[in-house]
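In what follows, a single structure is set out as structure tokens and then discussed.
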Amino acid sequence: MTGDRQAVTVLGLGSMGSALAAALIERGHPVTVWNRSAAKARPLVDRGARSAATPEEAIAASPLVLACVLDYDALYSVLDPAASALAGKALVNLTSGAPEQAHEAVTWARRHGVDYLDGAIMTTPPGVGSPEMMFLYSGSPTLFETHRPTLAALGDPLFLGTDPGLASLYDAALLGLMWSTMTGWLHGTALVGADRTPATEFTLVAVRWLTAVAGFLTTYAPQVDAGRYPGDDATVDIQITAIGHLIHAAANRGVDNALPELLRTAMRKAKAAGHGSDSFASVIEVLRGGPGEGT
Ligand code: NAP
């Protein structure tokens with residue numbers, strides 16, 4: 001069963017590292033694990049993993065090493081003492097971080113003769129192993145192609161490009177999208193909840209609405225790329241009027257209005273910049289800001 005499967009080492013057995021190792025075991029990969037707190041290896045050993053006493057021993061067991069620890073400080077505290085064991089191996093780093101940290105990791109890997117791929121996990125541990133869930137990768141295309149079948153055991157592997165920072169950059173952008181969407185949903189839930197609609201009832205309709213919203217994004221993306229925002233579906237002026245209704249309804253029900261006020265401010269800035277008759281996509285001109293903003 002395991003004969004044709006790639007041997008994999010997993011460093012870091014927190015919630016996510018344990019889920020990664022479990023998904024690989026499930027698919028029949030020979031898996032060697034290591035974690036700073038050794039007790040977390042036990043459930044995986046019960047399922048067939050081999051537990052290594054040190055990172056060096058774990059790395060020596062497989063040509064492919066996955067690392068998933070808290071942050072980059074933790075990563076280097078594990079990898080620095082084990083760098084010589086990693087030479088000639090393929091390292092896939094699934095630890096979250098900034099794009100700049102991914103670039104530094106490539107430099108570190110080159111210095112130690114390690115082939116490096118950066119990754120970002122777009123799910124929580126229960127979703128690991130599902131082909132519906134995206135795993136984003138950037139950096140070495142050779143490493144990605146060589147190990148794609150193994151990476152597919154974790155989720156749907158998407159290669160974003162050779163710039164190693166891309167996976168982290170997309171991760172940050174997609175989490176931003178998630179937080180604003182979830183906060184918008186919670187705001188709406190609080191609003192209808194004030195008139196006694198249960199969250200579950202509202203959410204059935206809200207989820208259908210998200211499908212329509214996804215269509216708006218698809219319509220607006222080419223407008224953003226072209227830098228032209230024809231307001232032939234709904235204009236910024238119309239959206240400013242509409243968000244006034246939301247703010248009015250929320251204020252009357254004692255619901256916090258910080259989020260829609262922030263959104264209205266951005267729309268008003270777009271209008272002030274001459275985009276009142278343009279589509280909502282023109283708000284990107286406000287968000288992009290000028291040089292030095294957002295630092
Ligand atoms: P977690 O459960 O808190 O696990 C943290 C892991 O990092 C543990 O294995 C811990 O070892 C290890 N660690 C922390 N400091 C260390 C150090 N100084 N030296 C060695 N090991 C150290 O976190 P997690 O949810 O598994 O997250 C791990 C990574 O996956 C993070 O970068 C996170 O952003 C990313 N991620 C998580 C999710 C999620 O839903 N959980 C989703 C996407 C991405 P000990 O067990 O010894 O403490």
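The values are calculated or read from the model by the stated rules, or taken from the named source; none is laboratory data. Given the structure is predicted, the values throughout are model-derived calculations rather than measurements. With ideal geometry, Cβ positions are generated from the backbone for all residues, glycine too; neighbour counts draw on all protein chains shown. Keep in mind that these areas ignore ligands, DNA and RNA; they rest on the heavy atoms of the full protein, side chains included. Shrake-Rupley method; radii C 1.70, N 1.55, O 1.52, S 1.80 Å.
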Practice task
Please list, or write none, the lysines whose alpha carbon is within less than 29 Å of the alpha carbon of Lys89, excluding same-chain residues fewer than 8 places away.
Solution key: Lys40
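So if I take the alpha carbon set of the stretch 1-125, get Rg, then get Rh from the Kirkwood formula, what is the Rg over Rh ratio? All intermediate terms of the calculation are to be shown ahead of the outcome.
Details: Rg = 13.4 Å, Rh = 14.3 Å.
Rounded to two decimals, Rg over Rh is 0.94.
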Completion exercise
What one gets for the stretch 180-279 as the Kirkwood radius, inverse of mean 1/r over different Cα pairs in Å, is 14.9
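Of all the stretches in the chain, which is the longest one without any exposed loop site, taking GluC sites (Glu not before Pro) in a DSSP loop (any state but H, G, I, E, B) with at most 14 other Cβ atoms within 10 Å? Mind showing how you got there, number by number?
Working: sites that count: Glu132, Glu293.
The segment 133-292 is the longest one with no such site.
Kirkwood hydrodynamic radius (Cα pairs, Å) of the chain?
Working: mean 1/r = 0.0458 Å⁻¹.
By the Kirkwood definition, the hydrodynamic radius is 21.8 Å.
Given a 1.4 Å probe and every protein chain left where it sits, what share in percent of the accessible area of the chain is carbon and sulfur? Mind dumping the intermediate values first?
Values: 9250 of 15570 Å².
Of the solvent-accessible surface of the chain, carbon and sulfur hold 59 percent.
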Exercise for the section: Hydropathy first: keep DSSP H helices in the chain averaging at least -0.5 on Kyte-Doolittle, then drop any whose Cα extent along the axis falls short of 27 Å, and list what survives. Expected result: 166-194, 199-226
Completion exercise
Summing +1 per Lys or Arg and -1 per Asp or Glu among the other residues with Cβ less than 13 Å from Ser130's Cβ gives -2
